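Quick notes on the structure that follows.
The values are calculated or read from the model by the stated rules, or taken from the named source; none is laboratory data. Bear in mind that the values here come from a model prediction, so they are computed numbers and not experimental data. Every residue, glycine among them, receives a Cβ derived from its backbone with ideal geometry; neighbour counts consider all protein chains shown.
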Amino acid sequence: MNRIHIVSNRLPFSINLKDDQIDLIPSVGGLATGMRSVYKEYNGKWIGWPGLPSDDIDDGLADRIEKKLFEEDCISVHLSKREIELYYDGFSNRTIWPLFHYFAQYIDYDPELWEAFVNVNKKFADKALETLEEGDTIWIHDYQLLLVPEMIKSKKPGVTIGFFLHIPFPSFEVLRILPWRKELIQGMLGADLIGFHTYDYQRHFFSSVRRLMGYEISFNQIQIEDRIIIVDAFPMGIDYDKFKKAASDIFQKPLQEKSKLHRELEKYFLLSPDRKLILSIDRLDYSKGIPNRLKAFAKFLKDYPEFVGKVTLIMLAVPSRGTVEHYINLKKEVEELVGNVNGQFGNINYTPVWYFYRSMPFESLIELYSSCDVALVTPVRDGMNLVAKEYVASRTNRTGVIILSEMAGVAKEMGEALIINPNNINEIADSIKQALTMPLDEQRERMIFLQDRIKRYDVFKWSSEFVKSLSRMENIQNSLHAK
Ligand code: ADP
Ligand code: G6P
């Protein structure tokens, strides 16, 4: 197969401007972390938004940014403040994100947002068309660019297009709420291969295609006139060996070389054998179920007072979409809840919740993954959730327990975790107790299965399976066109 270009809303690196200096910061989120490990293998470019508004960038600075990104094989699509407001904050994150995560009460139905979404999708499609050369393939990612496959296909029918959705695809009864549901499906159907994390999302997609468009589906194929579209499930993995190696290296490091976070944890005796640590890591997003997690931790301390003073919840929340109203409200709610738990159960020597509202360097994440006894992963909806897989990969001594929401795509691959309903506070509280008292033998028994599975289907396997299917589509396309 020839070059494959990646197209996604966000580039794997975001630009940070400091005085005259341009720094590339790794972008956070499953799409960026996963694809960053593999995209260079495809010899193409990654087309996307560098994360800052174009209004304040003069031509000279734009050229310098372009050069810097080009060193990483990235090409930028610049967005103005207005486009960010209407397309990114707007239709992507105030309409599609809540709709696809079953938060119908948060959906904004403003036609102005839709219009901006169409125009910005066109901007991405045009940039991709400009970059494409004869024989190149294109792989488009995620909900912000649902219209791009059709926009490219209608201009260049011969190009093979893959599309992968990193978030859940909702059931038809939810999708139909949206006035522009048909347009979204039509946009996706411009791709030759459409991938989802799980079979359930694929099933929901088929149901919408059948009911909205009336197309026939046989097995995993949709036939539209002289075109065939394949739809399949590809559960995304992580760079397992990278996490495993980093976690083993950490044990070899002398204390003075460990991160500031590690030294802090040591200083406050959080790493002592009589302290248990629970870890919670996400972007600050209402789909992640963070308030319920805090309520469940408070319920656990109330129901099992023997653990007060002995268990600490380390909660990392990366700032995300901070100009969208529901995210601003969530931040306040989480801060209040953290304050309540600490006020109710803490004392001068004991802070039950250590809350960090920031992104962390990779080394600190690894230290936390390897030193926490329990990972609390309780989204109310999540396309996949890579944090759960990263925790598993970092447990070099094969102990540790995951409490995992049945609403995360990853739950399909992690039957050995303690599976909970994220709205059942009592169940989560009891699972925390079960996790903290689980015998080491049982922890290892569960972890061995989890590790074997997550290692086997890592991000390289995920992407190579997708690309193999894309290449098959290319052959099918060529033979159809040769007829
Ligand atoms: P989502 O894609 O919805 O953000 P995932 O769990 O699939 O959720 O992916 C989140 C990614 O972001 C993971 O790779 C995780 O390591 C990273 N991440 C989450 N929180 C932080 C943080 N505080 N600092 C740095 N990286 C983070
Ligand atoms: C999820 C989405 C990605 C998105 C990421 C971070 O993982 O699936 O498309 O990039 O969240 O969100 P942001 O809005 O900061 O790009």
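Taking the condition surrounded by fewer than 20 Cβ atoms within 10 Å (Cβ to Cβ), more than 16 Å from Lys123 (Cβ to Cβ) and at pLDDT 95 or above, does Asp63 pass? Walk me through how you get there before you give the answer.
Working: surrounded by fewer than 20 Cβ atoms within 10 Å (Cβ to Cβ): yes; more than 16 Å from Lys123 (Cβ to Cβ): yes; at pLDDT 95 or above: no.
Criteria not met by Asp63.
If the condition is being away from ligand 1 (no atom under 15 Å from the Cβ), surrounded by 17 or more Cβ atoms within 10 Å (Cβ to Cβ) and assigned to a helix (DSSP H, G or I), then region 343-376 contributes Phe345, Ser371.
Filtered by the rule that a residue be more than 20 Å from the chain's Cα centre (by Cα) and either assigned to a loop (DSSP other than H, G, I, E, B) or not acidic (Asp, Glu) (or both), region 149-170 gives Pro149, Met151, Ile152, Lys153, Ser154, Lys155, Lys156, Pro157, Gly158, Val159, Thr160, Ile161. Exactly one residue out of Ile432, Ile428 is out of contact with any Lys or Arg (no Cβ under 8 Å at 6 or more places or on another chain), closer than 20 Å to Leu301 by Cα, modelled with pLDDT of 95 or more and crowded, with 19+ Cβ neighbours inside 10 Å: that is Ile432. Here is the figure for region 395-422: residues that are near ligand 1 (Cβ under 10 Å from one of its atoms) and under 19 Å from Leu436 (Cβ atoms) total 0. Taking first residues from region 122-144 that are in a loop (DSSP other than H, G, I, E, B) and partners that are surrounded by fewer than 17 Cβ atoms within 10 Å (Cβ to Cβ) and of a type outside the set (S, T, N, Q), the Cβ contacts under 7 Å between residues at least 6 apart in sequence or on separate chains come to Leu132/Lys156; Asp136/Arg3. Considering (1) away from ligand 2 (no atom under 16 Å from the Cβ); (2) in contact with a strand residue (DSSP E or B) (Cβ under 6 Å, 6 or more places away or on another chain); (3) of a type in the set (A, V, I, L, M); (4) over 17 Å from His166 (Cα atoms), the lone condition that Val377 does not fulfil carries the number (1).
In the list Lys267, Lys276, which residue meets the criterion of being basic (Lys, Arg) and under 29 Å from Asp452 (Cα atoms)? Give the steps one after another, and end with the answer.
Numbers: Lys267 fails: under 29 Å from Asp452 (Cα atoms).
The unique qualifying residue is Lys276.
Can you find a residue in region 274-281 that is of a type in the set (Ser, Thr, Tyr), surrounded by 13 or more Cβ atoms within 10 Å (Cβ to Cβ), at pLDDT 95 or above and within 30 Å of Gly90 (Cβ to Cβ)? Checking region 274-281: at least one residue is of a type in the set (Ser, Thr, Tyr), surrounded by 13 or more Cβ atoms within 10 Å (Cβ to Cβ), at pLDDT 95 or above and within 30 Å of Gly90 (Cβ to Cβ). Applying the set (1) out of contact with any strand residue (DSSP E or B) (no Cβ under 6 Å at 6 or more places or on another chain); (2) in contact (Cβ under 8 Å) with a residue 12 or more places away in the chain to Ala388 leaves exactly one unmet item: (1). Against the definition (buried (at least 21 other Cβ atoms within 10 Å of the Cβ), in contact with a Leu (Cβ under 7 Å, 6 or more places away or on another chain), more than 29 Å from Glu465 (Cβ to Cβ) and modelled with pLDDT of 95 or more), how does Leu86 come out, yes or no? So Leu86 passes the test.
To keep it simple, each residue is scored yes or no on (1) in a helix (DSSP H, G or I); (2) within 16 Å of ligand 2 (Cβ to nearest atom); (3) more than 25 Å from the chain's Cα centre (by Cα).
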| residue | (1), (2), (3) |
| --- | --- |
| Ile6 | no, yes, no |
| Ile15 | no, yes, no |
| Gly44 | no, no, no |
| Gly48 | no, yes, no |
| Gly51 | no, yes, no |
| Asp55 | no, no, yes |
| Gly60 | yes, no, yes |
| Leu69 | yes, no, no |
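What single numbered condition from (1) among the small types (Gly, Ala, Ser); (2) over 17 Å from Ser8 (Cα atoms); (3) in contact (Cβ under 8 Å) with a residue 40 or more places away in the chain fails to hold for Ser92? That leaves (2) as the condition not met. Being of a type outside the set (A, V, I, L, M) and within 16 Å of ligand 1 (Cβ to nearest atom) is the filter here, so list the residues in region 122-145 that pass it. The answer is His141, Asp142, Tyr143, Gln144.
Does region 149-171 contain any residue that is free of Cβ contacts under 8 Å to residues at least 24 places away in the same chain, closer than 24 Å to Tyr102 by Cα and not small (Gly, Ala, Ser)?
Applying the first criterion (free of Cβ contacts under 8 Å to residues at least 24 places away in the same chain) to region 149-171 yields 157.
Subset that is closer than 24 Å to Tyr102 by Cα: none.
For region 149-171, residues free of Cβ contacts under 8 Å to residues at least 24 places away in the same chain, closer than 24 Å to Tyr102 by Cα and not small (Gly, Ala, Ser): absent.
Residues of region 25-36 include none that is over 18 Å from the mean Cα position of the chain (by Cα) and either away from ligand 1 (no atom under 16 Å from the Cβ) or more than 24 Å from Val148 (Cβ to Cβ) (or both). Mind checking whether some residue in region 76-99 is assigned to a loop (DSSP other than H, G, I, E, B), of a type in the set (Ser, Thr, Tyr) and farther than 21 Å from Leu284 by Cβ? Looking through region 76-99, at least one residue is assigned to a loop (DSSP other than H, G, I, E, B), of a type in the set (Ser, Thr, Tyr) and farther than 21 Å from Leu284 by Cβ.
Within region 181-230, the set of residues being among the hydroxyl-bearing types (Ser, Thr, Tyr) and over 24 Å from the mean Cα position of the chain (by Cα) comprises Ser207, Tyr215, Ser218.
Within region 17-42, the set of residues being without any contact (Cβ under 8 Å) to a residue 60 or more places away in the chain, among the hydroxyl-bearing types (Ser, Thr, Tyr) and within 12 Å of ligand 2 (Cβ to nearest atom) comprises Ser27 only.
Among the residues of region 297-334, count how many are assigned to a helix (DSSP H, G or I) and away from ligand 1 (no atom under 16 Å from the Cβ).
15
For region 342-369, a residue qualifies if it is away from ligand 2 (no atom under 16 Å from the Cβ), under 13 Å from Met315 (Cβ atoms) and not aliphatic (A, V, I, L, M), and the qualifying residues are Asn342, Thr351, Pro352, Trp354, Tyr355, Phe356.
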